[in-house]
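Data first, discussion second: the structure below is written as structure tokens.
Bear in mind that the values in this text are calculations on the coordinates, not laboratory data. None of these values were measured; they are calculated from a predicted model. Virtual Cβ from ideal backbone geometry, glycine too; neighbours counted across all protein chains shown.
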Amino acid sequence: MRRWVASIAVGLAAGLAAGLLCGREPAHAHAEPGMPAAPATAAPPATKKLRDVLTKSAKHGALPVPGTRPRPLVNLYNLWTKEWLAIDLGALPSGDTIDRFLRDHFTNQRAAMQPRLVEIVMAAATRFHCDVANVVSGFRHPKYNLILRKKGHQVSRDSQHTLGNAIDFALPGVPTAVLHAWAKAQQLGGVGLYLESGFVHMDIGPIRSWSGE
């Protein structure tokens, strides 16, 4: 009788130890005979941060297959705000992101920028095999445009910059004159050459060209 009781005690101890080692209570610790098994604990709901990450991942499509070459990026650098914007050649950023990046640095105001402007810079960077493009000017608030005119700067009273239709940029390592020749050949709108300052102006207004300092 004592041996039988001792063997049961050893069995119960082993069962409890196994349950504790697995990080859970053994099923028979509190269950009663005939009592149905408790349902599996549901996974906690995804947090807002996790949902945002998953949403962003879905927008950018499937991840590249391991071992394949990733799609190239072009890094835009705003010379005034010191901000960077990495752009995937296969997926342009949202309009809100573009508007913020190309905002007026003087007033910190943004405007609805033409997405084609970023496409133009991307096309130029691709043509000259550049992974960096320096943005000199995007949106220019009318107030700031007036200040520049009063100071004698070469800016138009009705500048396309104030309408969100223009961008000034340069490509490191690419001569300004060479970039200007490429820009004129595109026949997309206005093209300005600022040789001394080292940048090119492009807009989507009427086709025209000029030179400045």
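Summary of computed values
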{"read-out": "Selected residue (criterion: farthest from A124 (Cα to Cα)) from residues of the stretch 83-100 that are in a loop (DSSP other than H, G, I, E, B) and not acidic (D, E)", "value": "S94"}
{"read-out": "Residue match in the stretch 109-132 (condition: buried (at least 18 other Cβ atoms within 10 Å of the Cβ), in contact with a Gly (Cβ under 8 Å, 6 or more places away or on another chain), charged (D, E, K, R) and more than 25 Å from Q187 (Cα to Cα))", "value": "no"}
{"read-out": "Breaking point among (1) β-branched (V, I, T); (2) farther than 19 Å from F139 by Cα; (3) not in a helix (DSSP H, G or I), for V178", "value": "(3)"}
{"read-out": "Those residues of the stretch 119-152 which are in contact (Cβ under 8 Å) with a residue 40 or more places away in the chain, within 17 Å of the chain's Cα centre (by Cα) and assigned to a helix (DSSP H, G or I), in sequence order", "value": "V121, M122"}
{"read-out": "Residues of the stretch 153-172 satisfying the condition of being closer than 25 Å to V132 by Cα and more than 25 Å from the chain's Cα centre (by Cα)", "value": "Q160"}
{"read-out": "Residue match in the stretch 201-210 (condition: surrounded by fewer than 19 Cβ atoms within 10 Å (Cβ to Cβ), in contact (Cβ under 8 Å) with a residue 12 or more places away in the chain, of a type in the set (A, V, I, L, M, F, W, C) and closer than 18 Å to L117 by Cα)", "value": "yes"}
{"read-out": "Hits in the stretch 194-212 (condition: within 30 Å of the chain's Cα centre (by Cα) and in a strand (DSSP E or B))", "value": "Y194, F199, V200, H201, M202, D203"}
{"read-out": "Complete set of residues in the stretch 177-200 that are in contact with a Ser or Thr (Cβ under 8 Å, 6 or more places away or on another chain) and of a type outside the set (D, E, K, R)", "value": "G190, V191, G192, L193, Y194, L195, G198, F199, V200"}
